[in-house]
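Student: The structure that follows is given in the form of structure tokens.
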Amino acid sequence: MIDATEELLTGWGNTAPSLARVERPRTGSEVEEAFEDMTGPMIPRGLGRSYGDAAQCAGGTVVSNRGLWHLSPIDPETGLVTLGAGVSLEELLAVSIPAGYFVPVTPGTRQVTIGGAIGADIHGKNHHVDGSFTKHVTSMTLATPTGVVTLTQKSDPELFWATAGGMGLTGIITQATLQMIPITTSYVTVDTERFNDLDGVMNAMLSGDDDYRYSVAWVDCMTSGPKMGRGVLTRGDHAPRSALSGRSARKPLVAPSSSMLTVPFTPPSGLLNRLSITAFNEAWFRKAPQRRDGEIQSLGSFFHPLDGVSWWNRLHGHRGFLQYQFVVDDAHGEVIRQAIEVLSAASVPSFLAVLKRFGPADPGPLSFPLKGWTLALDMPIGPPQLADVLDQLDIMVAEAGGRIYLAKDSRLSPELLRAMYPDVQKLEEVRKRIDPKGVLASDLSRRLGLS
Amino acid sequence: MRNAFGQPQTVLVLGGTSEIAHHVVLQLVRERTTTVVLAGRDKGRLEDAASELREAGATTVETITFDASDPSTAGATIDDAFHAAGGPIDLVLLAVGQLGDQDISDNDPVATIKLFDVNLTWPAAALAALRGRLISQGMGHVAVFSSVAGVRVRRANFTYGATKAGLDALAQGFGDSVRSSGIKVQIVRPGFVRTKMTQGLSEAPFTTDVDQAAETIVKGLSSSATVIWSPPVLQGVFFIMKNLPGFLWRRLPG
Ligand SMILES: Cc1cc2nc3c(=O)[nH]c(=O)nc-3n(C[C@H](O)[C@H](O)[C@H](O)COP(=O)(O)OP(=O)(O)OC[C@H]3O[C@@H](n4cnc5c(N)ncnc54)[C@H](O)[C@@H]3O)c2cc1C
């Protein structure tokens with residue numbers, strides 16, 4: 001018997017809850033069992049770190065991948081590791097770092113599963129160099145309504161790439177083999193630069209990012225006028241042993257520890273408002289050095305600064321929050337500035353926005369990255385103008401040939417999805433083949449009219 | 001599916017010729033709503049409302065008829081509505097109701113029964129029929145159109161006021177009972193709104209146009225308020241009204 005309960009689920013943004021039967025299969029054959037006699041709707045779920053409704057299925061079945069937990073040792077010859085889709089990056093790093101391996105791509109939190117990493121084809125600060133997550137997956141096992149398949153990038157490229165960023169809509173990944181990267185220390189050498197305006201940040205990224213494996217800028221979207229888009233750029237690479245001294249030199253490979261603090265309950269909405277966010281952004285900007293080179297930071301503080309406090313999403317109150325993340329190509333870099341201007345003119349409060357450069361796209365029809373610029377902004381639900389302002393941004397982004405990230409989305413319209421992801425039919429064709437009865441569906445797929 | 005702002009894609013209007021509800025849906029169609037099911041008594045007027053919604057951009061508008069003076073039709077109407085929607089319904093506007101005529105219901109038991117049937121018994125039966133449907137679809141949002149007339153009942157329309165007071169209380173309890181299933185229930189308490197229903201009546205203070213009322217209600221629908229007052233100032237006004245001693249209340253006009 002598969003363990004199951006009824007649960008009210010949301011994504012990380014705590015919006016639009018829906019009730020589903022959550023099943024927790026522990027083996028591949030239990031996953032197959034879950035598909036038996038299933039008329040749908042049904043969708044897999046990892047740690048629920050996507051912000052919106054991607055891993056929800058109102059009135060249907062949500063299959064948690066967390067029971068699919070096995071982890072074989074990393075092959076010392078090849079750096080390949082085979083693991084269950086429910087293993088989180090934190091759990092993988094806990095064993096891989098001491099063995100001298102890091103994940104090829106990590107998002108801003110370690111609390112994501114392998115299934116979720118492929119399902120959203122996640123990107124990290126190294127996309128401009130290394131591409132997104134699924135590129136580093138050499139094979140995966142996928143349970144679909146019409147059977148179980150082992151996929152490589154060559155065996156069935158349509159299904160493989162439709163699954164990359166396919167938001168669980170092609171089936172349930174049960175295990176994957178991942179190409180890890182060798183490291184000699186669990187530290188990063190970091191160069192930090194502070195800029196007083198957006199042009200400064202963007203020019204520095206255009207001219208210098210190629211020299212760094214990892215790069216990200218934090219941009220202040222709440223200051224208008226000449227200081228609009230002022231920001232702090234941090235770039236780095238894995239530190240060699242020779243860069244370490246003292247205690248870290250004696251223990252060069254330490255896995256990051258799990259978070260120490262928890263936000264225990266949800267305070268009233270409005271705690272994080274325009275005033276408090278402006279004050280936070282100001283303090284944060286002033287804290288950054290004008291320029292500092294070669295600082296040694298731990299992997300955890302460089303890649304996952306927010307993981308120090310668990311459930312920080314609760315700080316946004318019971319109304320919840322959302323993240324707006326879009327990408328535009330290099331020819332439309334001005335959309336980054338326009339978007340910040342629109343938000344600041346509409347007085348939409350937003351925490352520091354994250355600006356990154358992307359390298360070339362994957363073949364995945366729903367995979368998000370495109371070569372160019374991506375901007376991500378967190379904002380609380382509440383300002384009455386927010387829904388309209390974001391609809392306006394959607395149009396700007398779509399007209400520039402850009403798109404928004406479905407792992408963060410909770411409000412895009414079906415029409416603009418099709419404008420932003422012109423290859424979506426390829427996914428729908430694959431779905432007709434492997435899921436002719438249309439069992440796989442999420443709140444997101446139904447909201448966006450994906451068939 | 002509704003989105004993070006609570007904007008619905010599929011809407012069911014029970015009382016599909018209600019002017020306030022119609023204007024609410026017209027605004028929702030400008031946001032994310034594409035499918036609307038209108039259920040009401042008068043086929044012709046439903047069709048008029050439907051074509052207006054299609055013109056405003058709705059892609060699928062279905063109409064179904066029922067007679068609220070026969071509460072035994074409520075269950076079948078809800079079944080028909082879900083069938084017509086062809087999938088989950090994100091938002092139900094329960095806007096069935098008649099103003100009645102106090103001069104008649106004062107002395108007429110049959111007219112009194114009819115007003116209670118239309119304004120309270122049919123809606124109560126409809127909520128009972130909706131409950132299981134909403135729980136099994138895993139999400140949902142119901143806005144029950146009550147009235148400030150039920151907050152403190154006036155002698156000028158006490159039968160109407162009493163039906164709304166009953167509906168208001170029912171909606172509050174219904175909402176509490178489905179909350180943990182992820183279903184949001186809100187009570188809409190409009191004041192005097194200029195519509196066909198109120199034509200010829202003398203206007204109360206804080207009277208609004210139907211557009212204004214609809215705008216306030218649409219804003220309220222995406223909030224977490226359990227009661228939507230339209231206009232919002234009535235919340236304060238009725239807090240005072242409710243707490244006035246009886247001898248003062250009776251001295252107020254009508
Ligand atoms: C603080 C924070 C920072 C973040 N930073 C980044 C970032 O820098 N870059 C980035 O790309 N993303 C980022 N994200 C988003 C996050 O990486 C993705 O949403 C990721 O998919 C979450 O993984 P999960 O295990 O929680 O999956 P869930 O959120 O549970 O699911 C995500 C999607 O994957 C599908 N899925 C889950 N398991 C499987 C499976 N076994 N088989 C098939 N499909 C499956 C689900 O159906 C769903 O559509 C961030 C999120 C947070 C909260």
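Taken together, the values in this text are just the output of simple stated rules run on the coordinates, not laboratory data. Only a predicted model underlies this, so the values are computations on that prediction, with no experimental measurement involved. Note: ideal-geometry Cβ built from the backbone for every residue, glycine included; neighbour counts use all protein chains shown.
Student: Would you please give the residues with an amide H less than 5 Å from that of A:SER139, counting only those at least 5 places away or on a separate chain, with H modeled from the backbone geometry?
Tutor: Result for A:SER139 returns A:THR177.
Student: Using amide H atoms built 1.01 Å from N in the peptide plane, name the residues 5+ places from A:LEU406, or on other chains, whose amide H lies under 5 Å from its own.
Tutor: Distant-sequence amide H within range of A:LEU406: zero hits.
Student: Kindly state, to the nearest 0.05, the FRET efficiency for B:SER180 paired with A:VAL148, given R0 = 45 Å and r defined as their beta-carbon distance.
Tutor: Details: r = 37 Å, r/R0 = 0.81.
For R0 = 45 Å, the calculated efficiency reads 0.80.
Student: Now a separate question. For the charge dipole of the stretch A:187-412, defined by +1 on Lys and Arg C-beta atoms and -1 on Asp and Glu C-beta atoms about the Cα centroid, which residue among A:PRO240, A:TYR214, A:LEU406 has the Cα displaced farthest towards the positive pole?
Tutor: A:PRO240
Student: May I pose another question? For the stretch A:202-247, with only Lys/Arg (+1) and Asp/Glu (-1) charged at the beta-carbon, what is the dipole magnitude about the Cα centre, in debye rounded to 20?
Tutor: Dipole of the stretch A:202-247, to the nearest 20 debye: 240 debye.
Student: In nm, what is the difference between 0.36 nm times the number of residues separating A:ARG26 and A:VAL254 and their Cα-Cα distance?
Tutor: 79.1 nm
Student: Where the only charges are on Cβ atoms (+1 Lys, Arg; -1 Asp, Glu), what is the dipole of chain A about its Cα centre, to the nearest 20 debye?
Tutor: 1060
Student: Positive end of the dipole of the stretch B:150-254, charges at C-beta (+1 Lys, Arg; -1 Asp, Glu), about the Cα centre: which of B:SER223, B:LEU234, B:TYR160 has its Cα farthest in that direction?
Tutor: The listed residue farthest towards the positive side: B:TYR160.
Student: Hand me the trypsin sites (Lys or Arg not before Pro) from the stretch A:94-151 located in a DSSP loop with no more than 14 other Cβ atoms within 10 Å, in residue order please.
Tutor: The qualifying sites: there are none.
Student: What average count of beta carbons from other chains do you get within 10 Å of the Cβ of residues in A:53-60?
Tutor: What the average comes to for A:53-60 is 4.
Student: Evaluate E = 1/(1 + (r/R0)^6) for A:ARG241 and A:ALA283, where r is the Cβ-Cβ distance and R0 equals 45 Å; express this FRET efficiency to the nearest 0.05.
Tutor: 0.80
Student: Related question: How shielded is B:88-95 by partner chains, expressed as the average number of their Cβ atoms within 10 Å of its Cβ atoms?
Tutor: Per residue, the number of nearby Cβ atoms from other chains is 1 on average.
Student: B:ALA169 label point, 7 Å along Cα→Cβ, cut-off 18 Å on backbone N: hits in the stretch B:79-100?
Tutor: Taking a point 7 Å out along Cα→Cβ of B:ALA169, no residue of the stretch B:79-100 has its backbone N under 18 Å.
Student: Would you please name the chymotrypsin sites (Phe, Trp or Tyr not before Pro) within the stretch B:72-173 that are DSSP coil residues with at most 14 other C-beta atoms within 10 Å of their C-beta?
Tutor: Hits after loop and neighbour filter: nothing returned.
Student: Further question: Need the C-alpha centroid separation for the stretch B:186-249 versus the stretch A:310-345, integer Å.
Tutor: The stretch B:186-249 and the stretch A:310-345 have Cα centres separated by 36 Å.
Student: Once the dipole of the protein assembly as shown is set up with Lys and Arg at +1 and Asp and Glu at -1 on Cβ about the Cα centre, which of A:THR109, A:THR163, A:VAL31 lies farthest towards its positive end?
Tutor: Ranked along the dipole, the leading option is A:THR109.
Student: Which ³J(HN,Hα) values, rounded to whole Hz and listed in residue order, are derived for the stretch B:159-164 from phi using the Karplus coefficients 6.51, -1.76 and 1.60 in 6.51 cos²θ - 1.76 cosθ + 1.60 with θ = phi - 60°, glycine and proline given as x?
Tutor: 5, 4, x, 5, 4, 6
Student: To continue, here is another question. Report, in debye and to the nearest 20, how large the dipole of the stretch A:266-340 comes out about its Cα centre when Lys and Arg carry +1 and Asp and Glu carry -1 on their Cβ. The partial results should precede the final answer.
Tutor: Values: 8 positive and 7 negative charges, 86 e Å.
Taking the Cα centre of the stretch A:266-340 as origin, the dipole is about 420 debye.
Student: Now, a different point. What list of whole percents do you get for P(r) of the stretch B:10-249, with Cα-Cα distances grouped in 5 Å bins up to the one holding the largest distance?
Tutor: 1, 7, 14, 19, 21, 18, 11, 6, 2, 1, 0
Student: Restricting attention to the alpha-carbon atoms of the stretch B:118-206, what are Rg (one decimal) and Dmax (integer), both in Å?
Tutor: Rg, Dmax (Cα atoms, Å): 14.7, 45.
Student: Okay, next question. I'd like to compare B:133-141, B:224-232: which one has the highest average count of other Cβ atoms within 10 Å, and what's the full order after that?
Tutor: B:133-141, B:224-232
Student: Using only C-alpha positions, report the orientation-averaged shadow area of the convex hull of the stretch A:187-412, nm², one decimal. Let's see the in-between values first.
Tutor: On the way: hull surface 54.2 nm².
Mean projected area of the Cα convex hull: 13.6 nm².
Student: Can you work out the Karplus-derived ³J(HN,Hα) for every residue in the stretch A:183-192? Use 6.51 cos²θ - 1.76 cosθ + 1.60 with θ = phi - 60°, whole Hz, and x for glycine or proline.
Tutor: Ordered by residue, 3J(HN,Hα) equals 10, 9, 9, 9, 10, 10, 8, 10, 9, 10 Hz.
Student: Along the Cα→Cβ direction, 7 angstrom out, place labels at A:GLU33 and A:THR184. What is the inter-label distance in nm?
Tutor: In this crude label model, A:GLU33 to A:THR184 measures out at 5.0 nm.
Student: Also, I was wondering about something else. Return the distance in nm (one decimal) between the two label points of a simple spin-label model at A:GLU415 and A:ASP330, each offset 7 Å from Cα along Cα→Cβ.
Tutor: Those two pseudo-labels are separated by 3.4 nm.
Student: If I take all pairs of Cα atoms in the stretch A:322-439, what percentage of them are more than 16 Å from each other?
Tutor: Within the stretch A:322-439, distances greater than 16 Å cover 62 percent of Cα pairs.
Student: Against the 2.2 N^0.38 Å scaling, with N counting residues, where does the stretch A:325-378 land? I'd like the Cα-based Rg ratio to two decimal places.
Tutor: Ratio of Cα Rg to 2.2 N^0.38 Å: 1.21.
Student: Can you list residues from other chains, or at least 5 along the same chain, whose modelled amide H is less than 5 Å from the amide H of A:ILE173?
Tutor: A:ALA143
Student: Across peptide B:137-145, what mean number of C-beta atoms from other chains lies inside 10 Å of a residue's C-beta? Before the final figure, lay out the partial values.
Tutor: On the way: counts 5, 16, 11, 4, 0, 0, 0, 0, 0.
Whole-number average of other-chain Cβ neighbours for B:137-145 is 4.
Student: Report, in deg cm²/dmol and to the nearest 500, the calculated mean residue ellipticity at 222 nm for chain B, where each DSSP H run with n ≥ 4 adds -39500 (n - 2.57) and the sum is divided by the residue count.
Tutor: The helix-only estimate for chain B comes to -14000 deg cm²/dmol at 222 nm.
Student: Across 10 Å bins from the origin, how do the percents of Cα pairs in the stretch B:1-130 run, short distances first?
Tutor: 13, 43, 30, 11, 3, 0
Student: Right, here's the next one. Enter the Cα centre distance for the pair the stretch B:1-67 and the stretch B:88-146, rounded to the nearest angstrom.
Tutor: Centre-to-centre (Cα) distance: 17 Å.
Student: Evaluate E = 1/(1 + (r/R0)^6) for B:ARG54 and A:GLN425, where r is the Cβ-Cβ distance and R0 equals 30 Å; express this FRET efficiency to the nearest 0.05. Before the final figure, lay out the partial values.
Tutor: On the way: r = 27 Å, r/R0 = 0.91.
It comes out at approximately 0.65.
Student: Would you mind finding the longest exposed-site-free stretch of chain A, with exposed GluC sites (Glu not before Pro) meaning DSSP loop and at most 14 other Cβ atoms within 10 Å?
Tutor: By the stated rule (loop sites, at most 14 other Cβ atoms within 10 Å), A:78-451.
Student: So, one more: Based on the mean of other Cβ atoms within 10 Å per residue, sort peptides B:54-65, A:57-68, B:119-130 so the most packed one is first.
Tutor: A:57-68, B:119-130, B:54-65
Student: For the stretch A:80-183, report the % of Cα-Cα distances exceeding 20 Å.
Tutor: So the pairs more than 20 Å apart make up 31 percent of the total in the stretch A:80-183.
Student: Okay, moving on. Share of antiparallel DSSP beta bridges in the protein assembly as shown, in percent to the nearest 5?
Tutor: Percentage antiparallel, nearest 5: 60.
Student: In whole Hz, with x marking every Gly and Pro, tabulate ³J(HN,Hα) for the stretch A:323-336 from phi via Karplus 6.51 cos²θ - 1.76 cosθ + 1.60, θ = phi - 60°.
Tutor: 10, 9, 10, 9, 10, 9, 6, 4, 5, 10, x, 5, 5, 4
Student: Also, quick follow-up: Can you give the helix-only mean residue ellipticity at 222 nm for chain A, where every DSSP H stretch with n ≥ 4 adds -39500 (n - 2.57) and the sum goes over all residues, rounded to the nearest 500 deg cm²/dmol?
Tutor: Values: 14 runs with 117 residues, N = 451.
Estimated from H runs of four or more residues: -7000 deg cm²/dmol.
Student: What is the pair-distance distribution P(r) of the protein assembly as shown, computed from all Cα-Cα distances in 20 Å bins starting at 0, with each bin given as a whole percent?
Tutor: Bin by bin from 0 Å, the calculated values are 17, 46, 28, 9, 1.
Student: Label points 7 Å out from Cα along the Cβ direction at A:LEU306 and A:ASP211: separation in nm?
Tutor: Once both label points are built, they end up 3.0 nm from each other.
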